[in-house]
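*Asks:* Have a look at this one.
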Amino acid sequence: MSTSVFTRFAPSPTGHLHIGGARTALFCWAFAKRQGGKFILRIEDTDAARSSDESARGIMEDLAWLGIDWDEGPELATGGRTLGGDPRGVGPYFQARRVDLYNKYIMQLVKDGKAYPAFENEQELDAKRKAATAAKQTYRYDRASYHAIPTVEGRLARMGAEPHVIRFFAPHEEVVVHDQVLGEVKYAAGEMDDFVIRKQDGLPTYHFAVVVDDETMGVTHVMRAQEHLNNTPRHVALQKALGFRVPTYAHMPLIFNMDGSKMSKRDKAKAARKAAKDAIAKGAKADTLASEAKLDATLLNAFLAGDNDSLDVAHALGTHLKVALPEIEVADFRENGYLPEAITNFVSLLGWNPGMKTPDGKDLEKFDATFLAQHFGIERIGKTNSKFDRAKLLSFNGDYLAALPDAAFVQRWLAWLADFDGPLHRFVAGLSPEKQVLLARAVKPRAKTLRDAAKPIGFLRVGDGEVALDAAAVAKNLDAAIALEPGPGTTTGRELLRGSQAVFAGELDWANPAALEGAVQAFAASKQVKLGAMAQALRTALTGSGVSPALGDSLCLLGRESVLTRIARALA
RNA sequence: GGCCCCGUCGUCUAGCCCGGUCUAGGACACUACCCUUUCACGGUAGGGACAUGGGUUCGAAUCCCAUCGGGGUCACCA
């Protein structure tokens, strides 16, 4: 087992961690673990305008939440331990703090004549690009600045005097990328143009920073999404020019929405915009919408017009209009009550597969991160793009939820509620441990997410006087005739309910669901009706709807007072 | 448009490298039935795919070519 494997995940801190990025990070992590190597986190913040420290921190927290721990990188204290660090002294891990290093190599290239300053401004280049497009030709930088100053000395001199960018002098030769997933990918000589390696603001471009960092940090395996495939020849050419090693590359397939579009943060804005427009079409006023959602009216109007895709506006609208925005970022999934183990498991299956069978001969699909870390290999990464099927994720999440022991479920539910549903958290936290377990039993098989968990127990949270009796349920379960068995004769749910009041008012063990149910059963038998009829009448009275968790659990959770009050009210 | 990648059920995929064991397997979703005091859970069953056309071969999902289709990328973003 080699200890020389180093992988890295290198997000740019311009927002939360994207679900696709989570998969990339997970695979890099798993590969390093499997190989006995190290996983590095590096923050690519060379876009000064769009990067932020809050985003970097958010991404780190998202990774930590998913259980993707980095061995090296920015430090983050979480859950009593510290992730990251710089044991080899190859940091810092924020690119913006490595500018001197980049400049050293850039100067080397310039002095070697392998890179040169260029002085065109963006407008000039834009015009040339447009002209090329109009002429149906592929635009390539024409090396005007290179030819204008033939000597290194001349270039150095002018660099000191004028704003400029640095371009790499692309060698005229074929570049072959040996990709571990895709095989040999060849790029003909002349395909590459003289791309920019240092921007006018003095910061390196992505291409340059990546190459320098991967070399200086000793990265051996670069695993990233296929959208970077066409960047790879540039990186290889740069490595060659700088005398660097070429890491092993593996480009993984992309993940899309079910409709084939890119999974983008904009999807959230789109969904929110549509919901708002629908509401307005139905008569809502934009101004009142703005004030109700606590949004600035002009900001909202700009958003509705499509002038911006503000996530803040989108979230505010989503919350206010009660529409679910599509989950795109890890934080969205977390907020909607997904379990990290369900997410990592599901996402592992997008473009990878263990290729193993379960004991009963089915394909192995359910596994944890430890399993991944023991079995992940590049050989089994697929080549085809996939679509993100939330229905399957939901199913996985439901399975993971159901598999949690009651106590563990309660614990994790409480933790989630503390972050995302204060009122329900107070309610659940205020219950006895016994009742919390009952709640877990009621909720686990019925919820696909922690957010869903509120639904089956909604009836517990309405006041006894506020239970909304569903007309259809009342007709069916309280008013319709119920045949006695043995017959002849009929009764109604309403009559049964009336009779049951004495039972509930009497001596019962209200802490014991089975005893409660037994009492109901005995009562039903005494009245010559099936338990089912009795149960439905009770459900209607207790919940208003004829749908509830197991009868004994529901009665126990509600307690004597509430049961009696609700029955009396249904009878009134 | 140039360049690059890809193409097995609706979706994720196994199988493909090393052709026969594939009347193509699993999972999610869907449908039906069973279980059942409701809703769920669970169980059983069912429909559902090798993009198309040519080769090669006794034999092709598996190898080759073409076509068609999908995607990525062409920034002083990463």
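*Asks:* Of these, A:Gln137, A:Gln123, which one is near RNA strand B (Cβ under 8 Å from one of its atoms), of a type in the set (S, T, N, Q) and farther than 20 Å from A:Phe208 by Cα?
*Replies:* Values: A:Gln123 fails: near RNA strand B (Cβ under 8 Å from one of its atoms).
Criteria check complete, one pass: A:Gln137.
*Asks:* Report whether or not A:Gly79 is modelled with pLDDT of 95 or more and either touching a strand residue (DSSP E or B) at 6+ places or on another chain (Cβ under 7 Å) or closer than 26 Å to A:Ala30 by Cα (or both).
*Replies:* no
*Asks:* State yes or no: is A:Leu478 over 20 Å from A:Met534 (Cβ atoms) and buried (at least 20 other Cβ atoms within 10 Å of the Cβ)?
*Replies:* So A:Leu478 does not fit the description; no.
*Asks:* Here is a follow-up. Looking at region A:387-401, is at least one residue closer than 30 Å to A:Thr220 by Cα and either of a type in the set (Lys, Arg) or surrounded by fewer than 17 Cβ atoms within 10 Å (Cβ to Cβ) (or both)?
*Replies:* Yes, region A:387-401 contains a residue that is closer than 30 Å to A:Thr220 by Cα and either of a type in the set (Lys, Arg) or surrounded by fewer than 17 Cβ atoms within 10 Å (Cβ to Cβ) (or both).
*Asks:* Something else: Collect the residues in region A:254-280 that are without any contact (Cβ under 8 Å) to a residue 40 or more places away in the chain and part of a helix (DSSP H, G or I), keeping them in residue-number order.
*Replies:* Answer for region A:254-280, where residues must be without any contact (Cβ under 8 Å) to a residue 40 or more places away in the chain and part of a helix (DSSP H, G or I): A:Lys270, A:Lys274, A:Lys277, A:Asp278, A:Ile280.
*Asks:* For residues in region A:419-435 being over 17 Å from the mean Cα position of the chain (by Cα) and exposed (fewer than 13 other Cβ atoms within 10 Å of the Cβ), which is farthest from A:Ala514 (Cα to Cα)?
*Replies:* Top of the filtered list is A:Gly422.
*Asks:* Determine whether region A:241-251 contains at least one residue that is touching a residue at least 60 places away in the same chain (Cβ under 8 Å) and within 7 Å of RNA strand B (Cβ to nearest atom).
*Replies:* no
*Asks:* Find the residue count for region A:342-366, including only residues that are farther than 30 Å from A:Asp312 by Cβ and either out of contact with any strand residue (DSSP E or B) (no Cβ under 7 Å at 6 or more places or on another chain) or in a loop (DSSP other than H, G, I, E, B) (or both).
*Replies:* Selection size over region A:342-366: 16.
*Asks:* Find the residue count for region A:134-160, including only residues that are charged (D, E, K, R) and free of Cβ contacts under 8 Å to residues at least 12 places away in the same chain.
*Replies:* Count: 2.
*Asks:* Among the residues of region A:221-240, how many are more than 10 Å from RNA strand B (Cβ to nearest atom), in a helix (DSSP H, G or I) and in contact (Cβ under 8 Å) with a residue 60 or more places away in the chain?
*Replies:* Total satisfying the criteria: 4.
*Asks:* If you don't mind, another one. What tally of residues in region A:333-364 results from selecting those that are in contact with a helix residue (DSSP H, G or I) (Cβ under 8 Å, 6 or more places away or on another chain) and free of Cβ contacts under 8 Å to residues at least 40 places away in the same chain? Spell out how you get there, then give the answer.
*Replies:* Here is the first cut: in region A:333-364, the ones in contact with a helix residue (DSSP H, G or I) (Cβ under 8 Å, 6 or more places away or on another chain) are A:333-335, A:337-348, A:350-356.
Retained after the next criterion (residues that are free of Cβ contacts under 8 Å to residues at least 40 places away in the same chain): A:353-356.
Total satisfying the criteria: 4.
*Asks:* So, of the residues in region A:187-220 that are in contact with a strand residue (DSSP E or B) (Cβ under 7 Å, 6 or more places away or on another chain) and within 6 Å of RNA strand B (Cβ to nearest atom), which turns out to be nearest to A:His147 (Cα to Cα)?
*Replies:* Per the criteria, the residue is A:Val196.
*Asks:* OK, next. Checking A:Pro150 against (1) in a helix (DSSP H, G or I); (2) over 23 Å from A:Phe208 (Cα atoms); (3) not aromatic (Phe, Trp, Tyr), only one condition comes out false. Which one?
*Replies:* For A:Pro150, the exception is condition (1).
*Asks:* Additional query: On the basis of being buried (at least 21 other Cβ atoms within 10 Å of the Cβ), within 22 Å of A:Pro456 (Cα to Cα) and either hydroxyl-bearing (Ser, Thr, Tyr) or touching a helix residue (DSSP H, G or I) at 6+ places or on another chain (Cβ under 9 Å) (or both), does A:Leu531 make the cut?
*Replies:* When the stated conditions are applied, A:Leu531 does not pass them.
*Asks:* When only residues in region A:207-224 that are surrounded by 21 or more Cβ atoms within 10 Å (Cβ to Cβ) and under 28 Å from the mean Cα position of the chain (by Cα) count, which is nearest to A:Leu109 (Cα to Cα)?
*Replies:* A:Ala209
*Asks:* Working only within region A:493-512, note down all residues that are within 15 Å of RNA strand B (Cβ to nearest atom) and part of a helix (DSSP H, G or I).
*Replies:* Going residue by residue through region A:493-512, those that are within 15 Å of RNA strand B (Cβ to nearest atom) are A:493, A:496-497, A:500, A:512.
Residues satisfying the conditions are A:Gly493, A:Leu496, A:Leu497, A:Ser500.
*Asks:* Of all the residues that make up region A:539-557, how many are within 8 Å of RNA strand B (Cβ to nearest atom), over 14 Å from A:Ala468 (Cβ atoms) and hydrophobic (A, V, I, L, M, F, W, C)?
*Replies:* Qualifying residue count, region A:539-557: 2.
*Asks:* Look through A:Phe396, A:Phe388, A:Phe333 and report the one residue that is under 13 Å from the mean Cα position of the chain (by Cα), within 13 Å of RNA strand B (Cβ to nearest atom) and under 30 Å from A:Lys270 (Cα atoms).
*Replies:* None of the other options fit; the residue is A:Phe388.
*Asks:* Any residue at all in region A:92-100 that is more than 15 Å from RNA strand B (Cβ to nearest atom) and under 27 Å from A:Asp201 (Cα atoms)?
*Replies:* Yes, region A:92-100 contains a residue that is more than 15 Å from RNA strand B (Cβ to nearest atom) and under 27 Å from A:Asp201 (Cα atoms).
*Asks:* For region A:42-64, what are the residues that are more than 13 Å from RNA strand B (Cβ to nearest atom) and either of a type in the set (A, V, I, L, M, F, W, C) or in contact with a Leu (Cβ under 9 Å, 6 or more places away or on another chain) (or both)?
*Replies:* Result: A:Arg57, A:Gly58, A:Met60, A:Glu61, A:Asp62, A:Leu63, A:Ala64.
*Asks:* Just one of the numbered conditions (1) in contact with a Pro (Cβ under 8 Å, 6 or more places away or on another chain); (2) within 13 Å of A:Phe119 (Cβ to Cβ); (3) not charged (D, E, K, R) is not true of A:Val175; which one?
*Replies:* With (1) in contact with a Pro (Cβ under 8 Å, 6 or more places away or on another chain); (2) within 13 Å of A:Phe119 (Cβ to Cβ); (3) not charged (D, E, K, R) applied to A:Val175, the lone miss is (2).
*Asks:* List every residue pair whose Cβ atoms sit under 7 Å apart, with the two residues 6 or more apart in sequence or on different chains, where the first one lies in region A:533-562 and is on the phi > 0 side of the Ramachandran plot and the second, anywhere, is at pLDDT below 95 and of a type in the set (Val, Ile, Thr).
*Replies:* Sorted first by the residue in region A:533-562, then by its partner, the pairs are A:Gly544/A:Val467.
The values are calculated or read from the model by the stated rules, or taken from the named source; none is laboratory data. The shown structure was predicted, so the numbers you read here are calculated from the model rather than taken from an experiment. All Cβ positions, even for glycine, are placed from backbone atoms using ideal geometry, and neighbour counts span all protein chains on display.
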